[in-house]
Amino acid sequence: MDTKAIKRAAEILRDSRHVAVLTGSGISAESGIPTFRGKDGLWKQFRAEDLATPEAFARDPKLVWEWYDWRRGIIAKVEPNPGHRTLAKWEEFFHEFSVITQNIDGLHAKAGSKNILELHGNIWKVRCTKDKNVTENYTVPLTEIPPACPVCGAMLRPHVVWFGESLDTGILSRAFGLSSSCDVMLVIGTSAFVQPAASLPLRAAESGAKIIEINPDPTPLTSYAEISLPGKAGEILPAIDGLLQKE
Ligand code: BJW
């Protein structure tokens, strides 16, 4: 661990009032949830075109639901790790603190974070394909695949954002607003490959925020980062927290 860079990150955070965090699947890796693009990532094993597009769902809803049912089974068994827990703790520490996440696993909320924007939806929510009503559903495994809407009987779909689908405009505009107004943005565990999420740190940097990136590997955002902390979120975030609490 680069202790000098961690110390500098703690100094920057100590001087900040408004902190925004962008997380990706890497923050949940230490909880046991596979990422998408790493060497053991989901997209090495499965094709996004077959499972994470509206066209794939229209073609074979059973296949898509079986994949989500499998992932719900993994996520149901895991717990937030020290990375999630440190971010939840920091909500009390800073004047304004928000987590903007691309993750659908619900682990930030489970760790205790409250100011969360879920850009790509939530795996524990389902949406009626007919009336678009969104409800929570925690049944694992699902009792019928594809599941049916208990109100109208139409097919339900996962309340997640697939490739080619627009993000919720209210959530996205709040995410850009936070990115424009924060003093510092922590970018944690994302390959910064998927738009529009990957543009949020660029908006923050353009607006004068300092970027601190935590990721074992470099990303297209690394060159924009004031501080780049190569390593695991579950180790680096508690190390920064240790220094913040010292003062
Ligand atoms: C660790 C670690 C540890 C490991 N600690 N770190 C502009 C240009 C080009 C294309 C587009 C564009 N604008 C829009 C597009 C199209 C498309 C897109 O971005 N395509 C790219 C692939 C090029 N975007 C969309 O379609 C979006 N919609 C949209 O923009 O609508 C308007 C529009 C439509 C069409 C055309 C133009 C405009 C929707 C994107 C939806 C993404 N959906 C998914 C699935 C969600 C549901 C589900 O989970 O099933 O979201 S795909 C997948 O990727 C998932 C993730 O949220 C997302 C991001 O992945 P993430 O989190 O970054 O994971 P990885 O695996 O990539 O990276 C993990 C990182 O962690 C790595 O860097 C590791 O090193 C690191 N790591 N262990 C810290 N312990």
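Observations on the model:
- Lysines with Cα under 24 Å of K232, excluding same-chain neighbours fewer than 8 positions away: K4, K7, K39, K44, K77, K89, K110, K114, K210, K246
- Rounded percent of accessible protein surface that carbon and sulfur make up, the chain, 1.4 Å probe: 51
- The chymotrypsin sites (Phe, Trp or Tyr not before Pro) found in region 1-84 that occupy coil by DSSP, while having at most 15 further C-beta atoms within 10 Å, are F46.
- Fully extending the segment from D2 to S207 would add 71.0 nm, taking 0.36 nm per residue of separation and subtracting the current Cα-Cα distance.
- Placing unit charges on the Cβ atoms only, positive for Lys and Arg and negative for Asp and Glu, gives the chain a dipole magnitude near 140 debye about its Cα centre.
- Rounded to the nearest 20, the size of the Cβ-charge dipole of region 127-243 about its Cα centre is 360 debye, with Lys and Arg at +1 and Asp and Glu at -1.
- Local electrostatic count, G106, Cβ distance below 15 Å [Lys/Arg +1, Asp/Glu -1]: +3
- Normalised alpha carbon radius of gyration of region 94-176 [divisor 2.2 N^0.38 Å]: 1.21
- Inter-label distance, F193 to H95: 3.8 nm, where each label sits 7 Å from its Cα along the C-beta direction.
- Residue-normalised accessible area of region 114-207, expressed per residue, 1.4 Å probe, Å²: 49
- Beta bridges by DSSP in the chain, antiparallel share as percent, to the nearest 5: 25
- Based on DSSP H segments of at least four residues, each scored -39500 (n - 2.57), the chain has a per-residue ellipticity at 222 nm of -11500 deg cm²/dmol.
The values are calculated or read from the model by the stated rules, or taken from the named source; none is laboratory data. The structure displayed is predicted, hence computed values, not measured ones. Neighbour counts run over all protein chains shown; Cβ positions are idealised from the backbone, glycine included. The accessibility values were calculated without ligands, DNA or RNA, using every heavy atom of the protein model including side chains. Shrake-Rupley method; radii C 1.70, N 1.55, O 1.52, S 1.80 Å.
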